[in-house]
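Notes to accompany the following structure.
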């Protein structure tokens, strides 16, 4: 009974407080991308750029140029007594610049990292590292969208 009252009360509060999802389509700024340049790790850049879901219109003379430069580092944080890696850290760094008429309007660096333990099975470790990379790319993509105001 108490759970039902709490649920109904929370629904009323959220609907009346002006809450909107962060990616709602209402009041969406219109940033047009004329061209983009991907520097650094091409695979990472393509994945991040696809997460941004930006429309590129090369015919738009008033559009912006987007420059994305990304890199990934995999480092060993700790080793066991035998000298084998026991803790890894994956870090993805990305720098985004928004230009218009060869003038930089906005630029910002994004970084996201995750620390994890080594696994005995190397194929499981490789799959785990790919999943971590996808999650870090998603996080950076969301931060870039917020930065661009999209």
Breaking point among (1) at pLDDT below 90; (2) within 25 Å of residue 121 (Cα to Cα), for residue 52: (2)
Scan of region 135-150 for residues that are within 18 Å of residue 105 (Cβ to Cβ) and out of contact with any strand residue (DSSP E or B) (no Cβ under 6 Å at 6 or more places or on another chain), ordered by number: 145, 146, 148, 149, 150
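The values are calculated or read from the model by the stated rules, or taken from the named source; none is laboratory data. The model shown is predicted, which means the values in this text are computed figures rather than measured ones. Please note: Cβ atoms are built from the backbone with ideal geometry, for glycine as well, and neighbour counts cover all protein chains shown.
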